[in-house]
Each structure stands twice: as structure tokens, then as C-alpha cells.
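The values are calculated or read from the model by the stated rules, or taken from the named source; none is laboratory data. Being a predicted model, the structure only gives us computed values, none of them experimental. Backbone-built Cβ (ideal geometry, glycine too); neighbour counts: all protein chains shown.
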Amino acid sequence: MRTNEVKAKLKRGEPAIGAWLNIPSVAIARIMARLGFDWLTVDAEHAAQNPSLMSDMIGAIADARTSAPLVRLPENSVNWIKWSLDAGAWGIIVPMINTRADAEQAVSWAKYPPLGMRSIGGVFGPYGFGLSDSRSYAQQANDQILVGVQIESAQALENLDEILSVPGVDVAFVGPNDLHMQLGLPPSAEGAEPEFVAALDKIKQAAQRHHVALGMFCSSGEAAANRIREGFHMVSATSDASCLIGGATLHLRAANPR
């Protein structure tokens, strides 16, 4: 079984740099999977995604054998966790985790017994890790699957210790735009308002107490490098949509500099 190097890096306290896939496209997943990112997250929360297309994108990433395929779920639901992991995803990022019960439910649905309640089935889960049999996969999946919980609300900030102390939670992943809004601030991925900085410090301290890795959505490679220097481990350097917009705009301006 292939080792989830992202999870291994995070356990060692090393950075794992990835990219967000906002565009529901197998072709884009195939391209991005060959660029050398540690991980790629298929965004099923803020994209017009469906389980079948998500599954095909996960397969394209896994087959490239370069980046860990992850899914940011549309919600904390047994169906989406099952579909994602049975498609061969190496991990999930679960939005709007606000309470200990939310975190416990996500972990339970992502882990096979005795650690959770995930049911066994499908052939693509093993395929994602380079296996052909479900028995070997089921015996090792609990150790390899990464569970990230998004901290992006005022309620989550009040319940950090309860959330991050749940066994099986690997990453406290900050959703900066929603967290800004919840704090009464304009949405921003890179804001430095005192209230936001204080919230990040609170999350960092709780993650350290519970030996959980820190993750955060970043808008650029430069922003990701800054977050790594600040102690974050799992950071996004770009997204497919921002690359498309930025690259197309750059070439348009070069061709028509008026």
C-alpha cells in the first residue's frame, strides 16, 4: 500500500504544499497532478461537483502517483465521506466543524471499525493507494487516511480544545474567508486584522496542545511561504481557477498593453 506522504510529513512537522481544484474537470486534475504538488484538493463545497465527476478526478490524481488526492466535502455527511474515500481519496477536509460532536461524527464516518463506522465496499478505494484487493486496504486505511477539520467559525473558536482533542483528527485547517466573516470582517485569505491574528494564535496554541497539524487556505505561493514561516504545515499555494485567471490576464495584457 502506498504511504500517505502528506500525513507522514505533517506528523514530522514538515510542510506539505498543495493546490485547490475549484474547477470540476478531469482534464485539469490530470494536468495539476503532474506538477509536483504534495496534495491536491477537489473542492466539492464551492464547485458544481457531483460524486461521479469527483471520483474521476480523484482517480486521475491517484494514477499520476505524484500528489495525494483529497476532497473538501460539501458538508459533513456520511454519503460524501463514503463516496470520497471509496473513490480512492487519501483524505478529506470537512467544512464548518463547530463542535466536538461534529468532529467525532466525521472521524467515525472516515474510519473502519473499531475506530469508526465506515462500511467496506467498492474497488476504487484500494486503487487509490495502488492496491487491488479491499482486504489489504481495509487493514491499513485507518492509518493512511487524513482527516482535516475546517476551523472557520466563531463557534469553532470557542470549542477548539473539544474539537482538536478528538482522536483521529489530523489537521486543523483554517478557512480564512469564512472566519473573517464570522468575526465581522471583510472576507480575505490573507488579512492581518488584530481580531483575525488573535484567532489564528488561538488556533495555533490549541493545535500544539493536541498535537494536531495546522493547515490553511492561502491565495498564492508567497502567502503560503509566509504561513509556513508562521508555523502552518498544510498550505495551498494556488488554485486551478486562480492560475487560469492570472495566466490569461497576464497574456492578454502583454498582447494589448493599452
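Data overview
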| quantity | calculated |
| --- | --- |
| Strands (runs of 3 or more DSSP E) contained in the stretch 80-187 and holding at least 3 residues out of contact with any Leu (no Cβ under 6 Å at 6 or more places or on another chain) and either among the charged types (D, E, K, R) or touching a residue at least 12 places away in the same chain (Cβ under 8 Å) (or both) | 146-151, 171-174 |
| Boolean, residue 71 is in contact with a helix residue (DSSP H, G or I) (Cβ under 8 Å, 6 or more places away or on another chain) and under 16 Å from residue 171 (Cβ atoms) | yes |
| Residue count, the stretch 26-44 (criterion: without any contact (Cβ under 8 Å) to a residue 60 or more places away in the chain, in contact with a Pro (Cβ under 9 Å, 6 or more places away or on another chain) and either under 18 Å from residue 4 (Cα atoms) or surrounded by fewer than 20 Cβ atoms within 10 Å (Cβ to Cβ) (or both)) | 4 |
| Subset tally (residues that are within 17 Å of residue 215 (Cβ to Cβ) and not in a loop (DSSP other than H, G, I, E, B)) for the stretch 2-27 | 13 |
| The one condition in (1) among the polar types (S, T, N, Q); (2) at pLDDT 95 or above; (3) under 30 Å from residue 27 (Cα atoms) that residue 188 fails to fulfil | (2) |
| Number of the exception - residue 218 against (1) surrounded by fewer than 23 Cβ atoms within 10 Å (Cβ to Cβ); (2) in contact (Cβ under 8 Å) with a residue 24 or more places away in the chain; (3) assigned to a loop (DSSP other than H, G, I, E, B) | (1) |
| Qualifying residue in the stretch 204-219 (condition: more than 20 Å from the chain's Cα centre (by Cα) and over 13 Å from residue 173 (Cα atoms)) | yes |
| Subset of the stretch 59-104 (residues that are out of contact with any strand residue (DSSP E or B) (no Cβ under 7 Å at 6 or more places or on another chain), closer than 21 Å to residue 18 by Cβ and small (Gly, Ala, Ser)) | 59, 60, 64, 87 |
| Residue in the stretch 161-206 that is farthest from residue 97 (Cα to Cα), counting only those that are surrounded by fewer than 20 Cβ atoms within 10 Å (Cβ to Cβ) and of a type in the set (A, V, I, L, M, F, W, C) | 192 |
| Considering residues of the stretch 108-160 that are within 20 Å of the chain's Cα centre (by Cα), of a type in the set (A, V, I, L, M, F, W, C) and over 21 Å from residue 217 (Cα atoms) only, the residue surrounded by the most Cβ atoms within 10 Å (Cβ to Cβ) | 110 |
| Number of positions in the stretch 56-69 that are surrounded by fewer than 22 Cβ atoms within 10 Å (Cβ to Cβ) and closer than 14 Å to residue 83 by Cβ | 2 |
